[in-house]
Amino acid sequence: MSKAVFCLSDSEAQAQSIVTQLKNAGFSNNDISVLFPDKSGTKDFAHEQHTKAPESAATGAGTGGALGGALGWLVGIGALAIPGVGPFIAAGPIVAALAGAGVGAAVGGLTGALVGMGIPEYEAKRYEGKIKEGNVLISVHSENSDEVTRAKDIFERNGAHDISSTGEESVPKREGRRA
């Protein structure tokens, strides 16, 4: 059964480090997704802040060349304009999930798309709020529990927060147990 592990990072440097370590641990660029706000006038991953079609669900207009380092290695980089939420940059399978979920629809928005990816609704709402505040959502799709454990370990070592996974209960870090 395919699972996904999710986390939030506080900064672009932290997200770059996490993606680099996931790559070095053998995860495929087809299995790693990132989603973050496209904030004009700030120093984000993407230095090109405009797209040719901001109303579209996913477009790569100028975005692919602007992403460098670890994120440039990811597939499917595009700009997303989510009505009522704002502009985002996304890479990896999350692009297709967001576009396929009909992000442009009035109901659901980003929360609906995240729920469609298997995240419980209460966590999806929390993720949406934190992404809007500037956090970076990183997800890794995996085929087995060993990959889930390796991804969680990388997230934890790099100080990521709000770590959870689909298809199993997440266990608070304080308890000293593995999920």
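A short reminder: the numbers here are calculations on the coordinates, not readings from a lab. What you are looking at is a predicted structure, and each value in this text was computed from that prediction instead of being measured. Using ideal geometry, Cβ is built from the backbone for each residue, glycine included, and neighbour counts are taken over all protein chains shown.
Couplings 3J(HN,Hα) for the range 143-155, derived from phi with the Karplus relation 6.51 cos²θ - 1.76 cosθ + 1.60 (θ = phi - 60°), are 9, 8, 5, 5, 5, 4, 4, 4, 5, 4, 4, 5, 4 Hz, where x marks Gly and Pro. Here the calculated FRET efficiency for residue 39 and residue 2, from their Cβ-Cβ distance with R0 = 30 Å, stands at 0.40, rounded to the nearest 0.05.
Around the amide H of residue 75, modelled in the peptide plane, lie the amide H atoms of 92, all under 5 Å away and 5 or more residues distant in sequence or on another chain.
For the peptides 118-124, 90-96, the ranking by packing is 90-96, 118-124, with the highest mean count of neighbouring Cβ atoms within 10 Å listed first. Amide H contacts of residue 38 (H built 1.01 Å from N, in plane; Pro and chain starts excluded): 88, 89 sit under 5 Å, all sequence-distant by 5 or more or on other chains. Check residue 4: other-chain or 5+ apart residues with amide H under 5 Å from its amide H, H built from backbone geometry? Distant-sequence amide H within range of residue 4: 142, 166. Length gained on full extension, residue 149 to residue 161: 2.8 nm, using 0.36 nm per residue less the C-alpha separation.
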